[in-house]
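Report on one structure; see the data block that follows.
Each reported figure results from applying straightforward, stated rules to the coordinates on display, with no laboratory input. Since the model is a prediction, treat every value here as computed from it, not as a measurement. Every residue, glycine as well, gets a Cβ built from its backbone with ideal geometry; the counts of neighbours run over all protein chains shown.
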Amino acid sequence: MLDIVTLGDEVLREQVEEIKDVNGEIADLAQNMITAMYEGDGIGLAAPQVGLTKSLFVCHVNGDQPRVFINPQIVGTSQELLPYEEGCLSIPGVYGDVVRPAFVSVQAINENGRPFKLDAEGLLARVIQHEIDHLKGVLFVDHIEEKQRDRLLKSYYKKARK
Ligand code: ZN
């Protein structure tokens, strides 16, 4: 069972490394990450959140299937931006509006080593962008205006100490 690391852990701020060989070990890791995501009641989980600096994330939004993205790259985004309330398994209990492109095109490799391209909108587009941020050491709270972020995190740390 994989443990999910929380805000304050340095690994959440590290850059990931590209996965050179999509082998059975990586496929198992992806499966274990999907399990950990379900356990945490989340809709997305990136490798740094389980302490690994690998370019990999998983997601499963309502009405879709579980998906694995290895070495993902955003290759297109819409001009249209939308605010949406985000949360993160690594910052439990904290939610805030983040403005992001409404649509994204992403290229990645799946758990079987097959490259694919996906055009996503709605919640899926949102999760993909949130998770790709994790692979760059970026957290959703980084996108929130400073004063509001300080307020959110103050209450988070207060709760975390209890
Ligand atoms: Zn997150």
Next on the checklist: Run the simple label-point estimate for residue 35 and residue 112 please: 7 Å along Cα→C-beta, distance reported in nm.
Outcome noted: 2.2 nm
Next on the checklist: If you average the alpha carbon positions of segment 125-162 and of segment 47-64, how far apart do those two centres end up, in angstrom?
Outcome noted: 16 Å
Checklist entry - Which angle from 0 to 90°, rounded to the nearest 10, does the C-alpha axis of helix 146-161 make with the longest principal axis of the chain? => result 90 degrees
Item to check | For the chain, the Rg and Dmax computed from alpha carbons only, in angstrom | outcome: 15.2, 45
Checklist entry - Which of 29, 45, 12 moves the most in a Gaussian network model of the chain with Cα springs under 10 Å? => result 29
Checklist outcome for this item: Taking R0 as 30 Å and r as the Cβ-Cβ distance between residue 161 and residue 95, the FRET efficiency 1/(1 + (r/R0)^6), rounded to the nearest 0.05, comes to 0.95
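Let's test the formula: R0 of 30 Å, r as the Cβ-Cβ distance of residue 81 and residue 15. What FRET efficiency results, to the nearest 0.05?
Rounded to the nearest 0.05, the efficiency is 0.70.
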Checklist outcome for this item: the chain: longest segment with zero exposed GluC sites (Glu not before Pro), where exposed means DSSP loop plus at most 13 other C-beta atoms within 10 Å, is residues 81-144
Item to check | In degrees, nearest ten, helix 122-135 long axis to first principal axis of the chain (Cα) | outcome: 90 degrees
